[in-house]
There are 2 protein chains.
Amino acid sequence: MHERKDDMKRRSDILTPDVLRRKGVMKGFEYLTPERRGAVREMENRFKMVTESFGFREVEGPLLQPIEFYQVKSGEELLAHTYTFEDTDGSLLVLRPELTPTVAYMIAKDDARLSFPLKWWSNPDLFRKEKPQKGRKRQFKQLNVDIFDRADSGRDRSFDDAEVIAVAISIFESFDLTENDIVMRINSRSLVERLFDIVDLDKNRRFDLLSLIDKSAKISAEEFGTKVEEIVPQKFSRELLQRWLSIKSLEEVADNKQLSPLSQSKEYKDLAKVFELMKAYGVSEYCEFSPYIVRGLGYYTGSVFETFDRKPEHGFRRALMGGGRYDNLTKDVGGRLDITGVGFGFGNVPLEEILLSRNIEIVPSESRADYCIVTQSANQRIDAITLSQRLRKQGKKVILDDSISKEKPDKVSKQLSRANQLNSKYSLIIFPEEWQDKKVVIKDMQNGEQQIIDISSLLETQPKSD
Amino acid sequence: MHERKDDMKRRSDILTPDVLRRKGVMKGFEYLTPERRGAVREMENRFKMVTESFGFREVEGPLLQPIEFYQVKSGEELLAHTYTFEDTDGSLLVLRPELTPTVAYMIAKDDARLSFPLKWWSNPDLFRKEKPQKGRKRQFKQLNVDIFDRADSGRDRSFDDAEVIAVAISIFESFDLTENDIVMRINSRSLVERLFDIVDLDKNRRFDLLSLIDKSAKISAEEFGTKVEEIVPQKFSRELLQRWLSIKSLEEVADNKQLSPLSQSKEYKDLAKVFELMKAYGVSEYCEFSPYIVRGLGYYTGSVFETFDRKPEHGFRRALMGGGRYDNLTKDVGGRLDITGVGFGFGNVPLEEILLSRNIEIVPSESRADYCIVTQSANQRIDAITLSQRLRKQGKKVILDDSISKEKPDKVSKQLSRANQLNSKYSLIIFPEEWQDKKVVIKDMQNGEQQIIDISSLLETQPKSD
């Protein structure tokens, strides 16, 4: 402890204003001005509105979590990019890099009490100690939407898969993006496993092939072909695989002689049902089957999906969001029940990037003030405050002009110009004579119209009931 | 790195389900179930509603901040209770224990661009590595409300002081607490300094006396008296001090012969004006002058205030919230302008404690579903989904019964009982025959009334405009 104090003292000796201002920059983190905070809150409002319109409920957990929650599934690479520190009792805590283990733990600890299925959403702050770059930050928000159920519930999973995908699409729509902007690419990891059965691949080759498909967009077609040859030496198997990778819709699987056995599988029928349900949700224009969507290694066990910008050249090149079905959710956090889930993580940053590329502004609803109160004379300062409070009791947003605290308020025109900058709906101007008659001047800041009105008429509306 | 891997492997070897479940408990942190998350969000909604009704705007900053931001003002004690991390470049970051340095930095880095005064609010997550106890958590939320201004703006500070105090009281009122529940105790640190001038105390004794007054509630009257004698040996000075500490209202200062010189000071007049303005805000029933409120050491330079439970025996004994005026805000984070501010920090935990003691529940507004959709036959599953989407396009919250994903849906009565548990306003029951006639049964879940209605009548309302 003593050493640390000395160390800190040494550091603070060199804390010039320039050093402090530079220290504060915090690359990869963001300071949210009122404008930016308004946009971030509006995004969350829309997440809330959409998810709750489907009956999802919001949850949250601690920002710090035990390192053990991430050691099994997340793997070494994620942990190497995680903010870790030692707690007072010697245990290691991390700033959560993802929400899934937290939510899994919430289920594991209460699994006897909870009534499944659970439909949960959250918009947590997450942290990754990696190099900041376009579309990636060190602290970021990620919408999580999931349906969790007992593996033995006897419900048809396709309905949950479809509902979660419909929620994701509705989120995009709530920001005025359409099927012309984005495409939802859907596949099934378990169907891919059936294909691998036919191709006759052992476990190691499956692993290698999944990794290869996962990064196919990042390498050349030639390199991809060479790598496939290495992993799948048999010509027949390779042709089958290439046929599969050229498929553009699920129907083609059934129509193709070599692949048609796949179409008899339960996995195929489940995925076909998801596509059928997307029609019921009225969003099939967004949806495409894509054999290239596999969502990396491990983890997913059924439907997988990712959303892409249809015009990536000016927009966003990587997946905007992605998700899928996973089994045995709570095993790694001490759960006793077999829980299956389907859901997605949707980073706020990619969403903002595509909106920016479309010049779509995120305008907060209901952020405007109803009234700015302008006083001509310092004699009405107390009256102005009293009026402001009476209006607030009616549920109004009321701003007193800043110059009320000067010995002589600023000129009325200057105060009105500030009200205009603040984007207030109306200004109420208190002139001494009118005030005597219990009247004020109301100015519509939109069209500039002014009229003298009775103060009582402003207060006529029913007070807001609690 | 290799050592760390080994270490992690060793740890994970012993990760039995019991160990994992215990690791997850995280004392002092909270997992927010939908019910709890709803209450926390509702609190924030009311903070937003009240602060914005006064024209305050929301800001936020990174959860991690450079340790240097806390070294000057916060002192060693706070830093010892702070979660600290080493970043990739070797610099030390902390999980912010308070928001003020972050906000100060936001002002310092943009001081030439910002238009003062700034009225900002925030409800940040803060962290303290201390022993969890009643009313204190390791991760907690704290409402921050501040008005910042240039020291040279020429505005009368009392107006800002009064507005900030009025906001704090309105926050309590928005949770149905009244002047019978809470008291706002107000004092002025600069007025106390004028008193110390008269008492003729040197800097060290001022420091000791402030500390003593600050902790007076925690020690016996006898001990307090003894300590005062040590710090203020002169009998005359001590009597003056005791007179001051017995004062119950500012008027008594003017009426008292020994103290009346104080009432001629600017500091007295400023504080008197704050009390006068509290009347204009209609909240003077909440406000009391209290010589015992000094808000600890350093930091504050003008008005100081704290709110207490009027019935602490069953409620909350410590201050529910506190704040005051401080000068030279941005100096410690590299600022160039002299910025003065007034504001408060208001922990969510004390607020929840007093509400609990009054049996006041925090009920989220608008959290109920409009419709639960119930199907009698699996044949209408697709229809049910289509109907749900059409209703959502009207802005409705719609939940499809979970058993829609079963081969045969649960009995209608069972589905209705679930709709009841979910607290839905209505259920829409799809029977095959009625559906043929484009009708459904609507059940009012409040009074149990049912009727058959045309589906079109549900969809008649204008679609929600974007």
Extent along principal axes [Cα atoms of the range B:298-428; Å; largest to smallest]: 73, 45, 22
7 Å along Cα→Cβ, label-point gaps from B:Gln450 to other copies, nm, shortest first: 6.4
When we measure straight from the Cα of A:Lys393, which aspartates and glutamates land under 14 angstrom away, once same-chain ones fewer than 8 places off are left out? A:Asp370, A:Glu460, A:Asp466, B:Glu52, B:Glu173, B:Asp176
Axis-nearest residue in chain A [Cβ, rotation onto B], distance in whole Å: A:Phe85, 2
³J(HN,Hα), Karplus 6.51/-1.76/1.60, whole Hz, each residue of the range B:14-20, x for Gly, Pro: 9, 7, 6, x, 4, 4, 4
Residue-ordered couplings for the range A:344-351, obtained by feeding phi - 60° into the Karplus form 6.51 cos²θ - 1.76 cosθ + 1.60 and rounding to whole Hz (Gly and Pro as x), are 8, x, 9, x, 5, 5, x, 4
What number comes out for the charge environment of A:Leu209, summing +1 per Lys or Arg and -1 per Asp or Glu over other residues with Cβ under 15 Å away? 0
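First measure r as the distance between the Cβ atoms of A:Arg336 and A:Phe236, then evaluate 1/(1 + (r/R0)^6) with R0 = 56 Å and state the FRET efficiency to the nearest 0.05.
Working: r = 45 Å, r/R0 = 0.81.
In this case the efficiency is close to 0.80.
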Hey, what number do you get for chain B at 222 nm if only DSSP H runs of n ≥ 4 count, each worth -39500 (n - 2.57), divided across all residues, to the nearest 500? -12000 deg cm²/dmol
Can you pull out the trypsin sites (Lys or Arg not before Pro) in the range A:400-466 that DSSP calls coil and that have at most 12 other Cβ atoms within 10 Å? A:Lys411, A:Lys438, A:Lys464
Which three lengths, in whole Å and largest first, does chain B cover when its Cα atoms are put on their principal axes? 95, 65, 50
Taking a label point 7 Å from Cα toward Cβ, how far is B:Val349 from its twins in the other copies, in nm, shortest first? 3.2
Rg/Rh ratio calculated on Cα atoms of the protein assembly as shown (Kirkwood radius): 1.01
With Cα coordinates, the longest principal axis of chain A makes an angle with the long axis of helix A:2-13, in degrees rounded to 10, of 60 degrees
Using a 7 Å offset from the Cα along the Cα-to-Cβ direction at both A:Asp208 and B:Gln451, what is the distance between the two label points in nm, to one decimal? 7.1 nm
Starting from a label point 7 Å past Cα on the Cβ side, list the distances from B:Lys279 to the same position in the other copies, nm, shortest first. 7.6
So for each of A:169-179, A:206-216 I average, over its residues, the number of other beta carbons within 10 Å; can you give me the resulting order with the highest mean first? A:169-179, A:206-216
From the phi of every residue in the range B:123-134, what ³J(HN,Hα) in whole Hz does the Karplus formula 6.51 cos²θ - 1.76 cosθ + 1.60 yield, where θ is phi - 60° and glycine or proline is x? 10, x, 7, 10, 9, 9, 7, 10, 5, x, 8, 3
Under 5 Å between amide H atoms, partner at least 5 residues away or on a different chain: which partners does A:Ile373 have, H built in plane at 1.01 Å? A:Ile399, A:Leu400, A:Asp401, A:Leu428
Can you give me the angle between helix B:235-246 and the longest principal axis of chain B, using Cα atoms only, in degrees from 0 to 90, rounded to the nearest 10? 20 degrees
Please arrange B:Thr386, A:Thr51 by counting, for each residue, the other beta carbons lying within 10 Å of its beta carbon, fewest first. B:Thr386, A:Thr51
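Given a cut-off of under 8 Å on Cα pairs at least six residues apart, what relative contact order in percent is computed for the range B:371-458?
Details: 139 pairs, mean separation 26.5, N = 88.
It rounds to 30 percent for the range B:371-458.
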Identify all aspartates and glutamates with a Cα-Cα distance to A:Lys203 below 13 Å; exclude those on the same chain that are fewer than 8 residues away in sequence. A:Glu193
Exposure proxy ranking, count of Cβ atoms within 10 Å, fewest first, for A:Arg113, A:Arg57: A:Arg113, A:Arg57
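Across peptide B:17-29, how many C-beta atoms of other chains are within 10 Å of each residue C-beta, on average?
On the way: counts 8, 1, 3, 13, 8, 2, 11, 15, 3, 10, 1, 2, 6.
That works out to 6 on average.
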Please order A:His314, B:His81 by the number of other Cβ within 10 Å, starting at the fewest. A:His314, B:His81
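Looking at the range B:371-458, what % of its DSSP beta bridges pair antiparallel, to the nearest 5?
The antiparallel fraction comes to roughly 55 percent.
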From the C-alpha gyration tensor of the range B:371-458, pull out the three semi-axes of the equivalent ellipsoid (sqrt of 5λ each), sorted largest to smallest, in whole Å. 16, 16, 13
Within 10 Å of each Cβ in B:148-160, how many Cβ atoms from other chains are there, averaged over the peptide? 3
Net +/- balance of residues flanking B:Pro17 in space, Cβ distance below 12 Å, scoring K and R +1, D and E -1: +2
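Mind checking A:384-397 for the average number of partner chain beta-carbons within 10 Å of each residue's beta-carbon?
Numbers: counts 1, 10, 4, 1, 7, 8, 1, 1, 8, 4, 1, 2, 1, 7.
Other-chain Cβ atoms within 10 Å of each residue's Cβ, averaged: 4.
Counting Lys +1, Arg +1, Asp -1, Glu -1, what net charge surrounds A:Arg57 among other residues with beta carbon under 12 Å of its beta carbon?
Details: positive: A:Lys48, A:Lys119, B:Arg36, B:Arg37, B:Arg41, B:Arg368, B:Lys397; negative: A:Glu52, A:Glu58, A:Glu60, A:Asp146, B:Glu35.
Local charge sum for A:Arg57: +2.
Any read-out appearing in this document is the output of simple, stated calculations on the displayed coordinates, not a laboratory observation. This structure is a prediction, so every number in the text was calculated from the model and none was measured. Note: ideal-geometry Cβ built from the backbone for every residue, glycine included; neighbour counts use all protein chains shown.
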